[in-house]
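The numbers here are math on the coordinates, done by the rules we state, and not lab data. Every value quoted in this text rests on a predicted model; they were computed, and no experiment measured them. Using ideal geometry, Cβ is built from the backbone for each residue, glycine included, and neighbour counts are taken over all protein chains shown.
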Amino acid sequence: MFELFQSENNQKFYFNLKAKNGQIILSSQGYADISGAKNGIDSVKKNCGDDSKFERKTAKNGKFHFNIKAGNGQIIGSSQMYASEAGMENGIESVKTNAPDAEVKDA
C-alpha cells in the first residue's frame, strides 16, 4: 500500500510504499502539494516494471540501497539500507510486485 502523509511542519507531502507486513519498502522525496505526491505514486507504478529504472547503490559504510527513477531520470523514491546485495535485490523485487496494484491511503 502507498501511504500519503504530510511533514510535521505541514510544508511537504511524502509517500511510503509498504509491504503487506507493514515494512517500508520505498520512501519518496518531498512534494509541495498532495497532487505532486500522487503523481509520484503514479510514476512509481508506471516505472517499477522496468528494471533499468532502478539505480542500485552502495553506501560508504558498505550497505546497499536503491532509487527508482522516472523517465526523465529524476529520483521518485529511495529504499532503506540493506546489509546485503541480495537483500537490496529482494527490496527491488518487492517494489516490482507490490507497487503496480497497491492502493493509496491518505494518512
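Computed quantities for the displayed model
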{"read-out": "C-alpha long axis of helix 85-98 to longest principal axis of the chain, angle in °", "value": "40 degrees"}
{"read-out": "Longest segment of the chain lacking trypsin sites (Lys or Arg not before Pro) that sit in a DSSP loop with at most 12 other Cβ atoms within 10 Å", "value": "61-107"}
{"read-out": "Label-point gap, in nm, between Thr58 and Lys45 - each point 7 angstrom along Cα→Cβ", "value": "3.6 nm"}
{"read-out": "Fraction in percent of alpha-carbon pairs per bin - 5 Å, the range 40-91", "value": "5, 22, 31, 21, 15, 7, 1"}
{"read-out": "Residues Glu8, Glu3, Glu55 arranged by fewest to most Cβ contacts within 10 Å", "value": "Glu8, Glu55, Glu3"}
{"read-out": "Non-local Lys pairs in the chain, i.e. 8 or more apart or on different chains, that have alpha carbons under 14 Å apart", "value": "17"}
{"read-out": "Gly77 long-range amide H proximity, modeled H, under 5 Å", "value": "Ile68"}
{"read-out": "Alpha carbon centroid spacing (whole Å) that separates the range 28-107 from the range 1-26", "value": "12 Å"}
{"read-out": "Share, in percent, of DSSP beta bridges within the chain that are antiparallel, nearest 5", "value": "85 percent"}
{"read-out": "Alpha-carbon radius of gyration plus Dmax, which is the widest Cα pair, for the chain in Å", "value": "13.2, 37"}
